[in-house]
Amino acid sequence: MEKIINLINDALYSYALIIILVLGGMYFTIRSKAVQFRSLPTQFKVVTEKPNDKKGVSSFKALMVSTASRVGTGNIIGVSTALCLGGFGSVFWMWIIALIGSASAFIESTLAQIYKRKGIDGSYGGPAYYIESALKCRPLAIVFSILLILTYGFGFNMLASYNLQSTFSTYSFYHEGSTPWIIGLVLALLVGYCLFGGGSRIEKVTSVLVPFMGIAYILVALIIICLNITSTPSIFGKIFTEAFNFEAIFGGFGGSCVMYGIKRGLFSNEAGVGSAPNASASADISHPAKQGLVQVLSVFIDTILVCSATAFMCMCSGIEPSESISGAPYIQLALKATLGSFGPIFITIAMILFAFTTLLGNLYYVDKAWFHILGKEPSKKFKYVYYVVASLIILLGAGLDAGLLWGIADITMGLMALINMPVIFYLSKYALRALKDYNYKRKSGLPDTFKASDIDLPHEVDYWK
């Protein structure tokens, strides 16, 4: 089974996904006139705006839900794995896929806002809805929703659970037979408690935990970098040298820094995958382009800040990455070399917070996917059964094999991107018109309100009439 999964992964990430993500991101960057770079001040301004309705979901809360899913165990264990298996050059390719991909994040989240639907608890939407509304293809929309459930409800959540328990392996009390299951059980119970509280509880928890854990993590990273400041120039030199060592890259592309940089970068920031638009659609804002700009900021936070923080903490420690210490052991050894016994403890605390918010963010997406497939709000009985299953999946993931979990998650995530990217490419003209409309109104001093007729939208929508 693992051999089959590896073969599919090699085909997906060696050819299809690299072409579609890089070329798609470059196309959106050119067409939007590099919106991810030139609109940075506006991104910070928009994220602080309050919702039109006091009970509505703010741009900040929607950002925190999507960032909760993006900023997770992949930012620690995923980056550590990429360094150990792909080398220092993988960091460069992580940056590239994030900087280019953030334009894709703008397009997909703006489209999610344009095509969002009205619900009992406010708005909802995502790729399944713009596929259904604009392309009139419900079967493809359902396939996407199923893939989302498999990716976030199963693959990513089992992986997050495994990654968390693996950080305890360096402690003396860790017992390979029982400790993973105990940690998995505790985590499953905590997540179950939040799930039974519904989407509002998830939004409240993530809006508090995500900023706290992100700031604390980056501050510790800055301290470690400052303590090892003399090694910084040589680290940058090694990143760029390995990133452009074409002989090594093409000699074994499947295990190269390009492959691992793109795989772990995509796993981390999810730009173009079609997950974050599910959170973006819930925001109560005056113009769709605003939420697109907010999601650009989420990609920046995830990869340029948090992933880079992990990478530099590892690289400046003096501990050489290798396959034998791939994952949690490498990051813990790196921090121990700089901070002593406090290092592994800090990583364990960070992983607990990262894993917890990732699981909540992922299950928020899954909740919306079930709603789409069923065509209505699931019954309480269905929800309770699903919440129990979701919690059991978290428990199961803690005790499974890491390689198998990474492989499954990479495939289902890759298939989501293969559906979402061509769709947003086809519909991008409406997102780009929305951006043009927003920029015009902002510069002209006009109210930044939006109507579907402003961009000649030919499709029926619930909002923006």
Return the Cα extents of the chain along principal axes one, two and three, sorted largest first, each rounded to a whole Å. 61, 50, 41
From the helices alone, meaning DSSP H stretches of at least four residues, give me the mean residue ellipticity at 222 nm for the chain, per-run term -39500 (n - 2.57), in deg cm²/dmol to the nearest 500. -22500 deg cm²/dmol
Residue span Arg138 to Phe236: 0.36 nm per residue of separation minus Cα-Cα distance leaves a gain in nm of 30.5 nm
Among Tyr426, Leu400, Gly414, whose Cα sits farthest toward the positive end of the charge dipole of the stretch 367-426 (+1 at Cβ of Lys/Arg, -1 at Cβ of Asp/Glu, about the Cα centre)? Tyr426
Heavy-atom accessible surface of the chain: percent carbon and sulfur, 1.4 Å: 67
Any idea what angle helix 2-11 forms with the longest principal axis of the chain, computed on alpha-carbon atoms, 0 to 90 degrees, nearest 10? 60
Simple spin-label model, 7 Å along Cα-to-Cβ: Tyr440 to Ile19 in nm? 3.7
On full extension of the chain, what length is gained from Ile30 through Thr449, given 0.36 nm per residue of separation minus the C-alpha to C-alpha distance? 148.3 nm
Under 14 Å from Lys429, Cα to Cα: aspartates and glutamates that are on another chain or at least 8 residues apart: Glu108, Asp437, Asp454, Asp456
Could you check the spin-label model distance between Tyr174 and Asp10? Points 7 Å from the Cα along Cα→Cβ, value in nm. 3.1
Helix 17-31 axis, angle to the chain major axis (alpha carbon atoms, nearest 10°): 50
Efficiency of FRET between Glu2 and Leu185 - r from beta-carbon atoms, R0 35 angstrom, step 0.05: 0.85
So how strong a dipole does the chain carry about its Cα centre when Lys and Arg Cβ are +1 and Asp and Glu Cβ are -1, to the nearest 20 debye? 1560
Largest first, how would Tyr193, Tyr129, Tyr124 line up by accessible area (1.4 Å probe)? Tyr193, Tyr124, Tyr129
Give the accessible area for Arg433 in Å² (nearest 10); use a 1.4 Å probe, count only protein heavy atoms, and leave out ligands, DNA and RNA. 90
Calculated FRET efficiency, Lys118 and Ala216, Cβ-Cβ r, R0 35 Å, to nearest 0.05? 0.35
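The values are calculated or read from the model by the stated rules, or taken from the named source; none is laboratory data. Being a predicted model, the structure only gives us computed values, none of them experimental. In this analysis, Cβ positions are derived from the backbone assuming ideal geometry, glycine residues included, and neighbour counts consider all displayed protein chains. Keep in mind that these areas ignore ligands, DNA and RNA; they rest on the heavy atoms of the full protein, side chains included. Shrake-Rupley method; radii C 1.70, N 1.55, O 1.52, S 1.80 Å.
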